[in-house]
1. Working from Cα positions, state the angle (0 to 90°, nearest 10) between the long axis of helix 260-271 and the longest principal axis of the chain.
2. Once you have a ≥ b ≥ c as the square roots of the Cα gyration tensor eigenvalues for the stretch 1-112, tell me rounded if a/c is under 1.5, and otherwise prolate or oblate according to whether a/b is larger than b/c.
3. Would you mind telling me which residue in 13, 136, 253 has the biggest mean-square fluctuation in a Gaussian network model of the chain, where springs connect alpha carbons within a distance under 10 angstrom?
4. Nearest 5 is fine: what % of DSSP beta bridges in the chain come out antiparallel, could you say?
5. If I take R0 = 35 Å and measure r between the Cβ atoms of residue 39 and residue 72 in this structure, what FRET efficiency does the formula 1/(1 + (r/R0)^6) give, to the nearest 0.05?
6. Rounded to the nearest Å, what's the spacing between the alpha carbon centres of the stretch 46-71 and the stretch 268-286? Just the number, please.
7. In a Gaussian network model over the chain where Cα atoms closer than 10 Å are linked, find which of 261, 32, 275 has the largest mean-square fluctuation.
8. In deg cm²/dmol and to the nearest 500, what is the mean residue ellipticity at 222 nm of the chain if only DSSP H runs of at least 4 residues count, each as -39500 (n - 2.57), divided by the residue total?
Ligand code: SAM
């Protein structure tokens, strides 16, 4: 069968091309061909993508498209595609739009009836899930947790009842604090996985409990260097959403009739939730009742 050419006879196409998250050999042959044949590569960082393109001898011109100029640039790019050009969108690593720019461009492309086409490939989230050894029948992608501790803890509390495996991205600056908060929110024994520098020379794939991962990071067995992705097992399914509803009701009732510490201890004992999580929830309930 003849190879499908990427250019179409009328109007152009917006290709969304996944690029390697470390190992350049992970750029697919189709990804390479699309980048070669496109009229323009819209890249998050043209210097970064320039290195990838020159490694493969690709001379396609680039334009920078990042979160600060996407709004204004999207219109011009869509105009060019309407006039027959083919544009390949890439980010620095992995799949564009997955914690990376591109949403506004794709939104506008659909609104204007432009042909869009994915060139799938690497993504740190899927790479981690594929080796985590945790349930993958259902999972949720939470990307980066908030940088500030209070917001991060609140976000994790909202995830307390989550039964799907949870995928997180984390930077080297916050990985220790993040694991600390994860232990507090989900309990230190929750099964988890840490992928560091996936597909790169110093790749590490570690399956352990949350406290085991924290310990390995603190001992230096997992160096605090490079890029990290975490997968955390969801809450045991048997406990699921009913427990969540009962928990709120239980805690509200206990708080009304018992001194704080006693109410928190009882609720933690009855539900198996970490005590500090119950205590924080109790304080929130009290604040709500006082206001
Ligand atoms: N679009 C990318 C994707 O599809 O995976 C993600 C971009 S996001 C801005 C960058 C984050 O992805 C990093 O901070 C890290 O958490 C994760 N990441 C990217 N490459 C990685 C790698 N090789 N190993 C582990 N995590 C990685």
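Every number in this text was worked out from the coordinates using simple rules, so none of it is lab data. The shown structure was predicted, so the numbers you read here are calculated from the model rather than taken from an experiment. For neighbour counting, all protein chains shown are included, and Cβ atoms are generated from backbone atoms with ideal geometry for every residue, glycine included.
1. The answer is roughly 70 degrees.
2. oblate
3. In the Gaussian network model the winner is 253.
4. The answer is about 45 percent antiparallel.
5. 0.95
6. So the two Cα centres are separated by 49 Å.
7. Top of the fluctuation ranking is 261.
8. Roughly -13500 deg cm²/dmol at 222 nm, from the helical runs in the chain.
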